[in-house]
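In what follows, a single structure is set out as structure tokens and then discussed.
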Amino acid sequence: MNKAPDTSPIRELLDQAAQRIDSDSPRLDAEVLLAHVLDKPRSHLLAWPDRIPEAAQQARYRKLIERRAGGEPVAYLTGEREFWSLPLTVTQDTLIPRPETETLVATALEHLPADSHARVADLGTGSGAIALAIAHERRACHVRACDRSAAALAVAAGNARQLQLDNIEFASGDWCAALAGECFDLIVSNPPYIAAADEHLACGDVRFEPQDALVAGDEGLDDIRRIAACARSHLCDNALLMLEHGFDQREPVARILADHGYRDIVCNNDLAGRARVTVCRNGGD
Ligand code: GLN
């Protein structure tokens, strides 16, 4: 006998939804959405499998499950994603921060001593993930987070307020346009780097993300070329540029950087062991 939908306990709500969702992690997705609706940590669901959520909560949850079944990313449904252990608000105006981007943060921190006063710029900051993680870890650094999207900057600034960070500022502009005439000790960026014809743009969560934050021309290298060209005049002598890129772009990225006169070009792997972040030094003249 079928029970009325609003008398289902947590256990059943999760089991049914996990079957409805077609993703890599249906059970986890259902747990995150139910925990969000109940405003509890996921551990609550395991501790109280027989609890029957209120009818209004069940209705909200079922709507979210339908949207997830239609492909919408969990992070856009909850409006949040953790990055570098920081809770961040995300919207459809920003990419959803990826675990592999933590490699860029880790690389930046390796080059910034704990008491560093460096001036750091993050180009194309989106939700602010990279800039906020650096500002959070290095309180004496001053970070400028840039984006040409006013909507993304508003999300990033909201995240900075939420995290109570005051060593970060926001500037609007396309790549180096937001750096005015100034020079920085470190410029970081996770630019768009997917090739326009890449099949993975038609699958999963990326279908719902801002395409101009993902796609960069036929080879996915257009924005990396633009940044390589403009960043040199905004880097102090011997300052560093760090770029995230695709796992198969190590060689073309190194070539682009060498062609622009950068030196000490080194590529770091992400936690999955794939080429992900290239670091180089402004050569001086
Ligand atoms: N790593 C992301 C992906 O493969 C791409 C992010 C980006 O283009 N900067 O979906």
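Descriptive notes on the structure:
- Residue pairs whose Cβ atoms lie under 6 Å apart, separated by 6 or more positions or on different chains, with the first residue in region 204-216 and within 21 Å of Pro252 (Cα to Cα) and the second outside any helix (DSSP H, G or I) and more than 8 Å from the ligand (Cβ to nearest atom), are Val215/Ala196.
- In region 133-244, counting only strands (runs of 3 or more DSSP E) that sit wholly within it, the ones holding 1 or more residues that are crowded, with 22+ Cβ neighbours inside 10 Å and within 16 Å of the ligand (Cβ to nearest atom) span 142-147, 184-189, 235-244.
- Selection from region 261-285 of residues that are at pLDDT 95 or above, surrounded by fewer than 13 Cβ atoms within 10 Å (Cβ to Cβ) and in contact with a strand residue (DSSP E or B) (Cβ under 8 Å, 6 or more places away or on another chain): Arg263, Asp264, Val266
- Candidate set from region 177-190 (those that are in contact (Cβ under 8 Å) with a residue 24 or more places away in the chain and out of contact with any strand residue (DSSP E or B) (no Cβ under 7 Å at 6 or more places or on another chain)); member that is farthest from Asn238 (Cα to Cα): Ala177
- The listed residue being under 17 Å from the mean Cα position of the chain (by Cα) and among the acidic types (Asp, Glu), out of Asp212, Asp237, Asp218, Asp222: Asp212
- Members of region 75-91 that are within 15 Å of the ligand (Cβ to nearest atom) and either of a type in the set (Val, Ile, Thr) or open to solvent by 20 Å² or more (accessible area, probe 1.4 Å) (or both): Tyr76, Arg81, Val90
- Test result for Leu88, under 19 Å from Ala35 (Cβ atoms) and in contact with a helix residue (DSSP H, G or I) (Cβ under 6 Å, 6 or more places away or on another chain): yes
- If the condition is being open to solvent by 10 Å² or more (accessible area, probe 1.4 Å) and in contact with a helix residue (DSSP H, G or I) (Cβ under 7 Å, 6 or more places away or on another chain), then region 245-260 contributes Ile256, His260.
- Qualifying residue in region 53-63 (condition: open to solvent by less than 60 Å² (accessible area, probe 1.4 Å), within 16 Å of the ligand (Cβ to nearest atom) and over 30 Å from Cys141 (Cβ atoms)): no
- Pick from region 64-73, criterion touching a residue at least 60 places away in the same chain (Cβ under 8 Å) and at negative phi, ranking: nearest to the ligand (Cβ to nearest atom): Pro73
The values are calculated or read from the model by the stated rules, or taken from the named source; none is laboratory data. Being a predicted model, the structure only gives us computed values, none of them experimental. FYI the Cβ positions are ideal-geometry reconstructions off the backbone, even for glycines, and counts take in every protein chain you see. Surface accessibility is based on the protein's heavy atoms, side chains included, excluding ligands, DNA and RNA. Shrake-Rupley method; radii C 1.70, N 1.55, O 1.52, S 1.80 Å.
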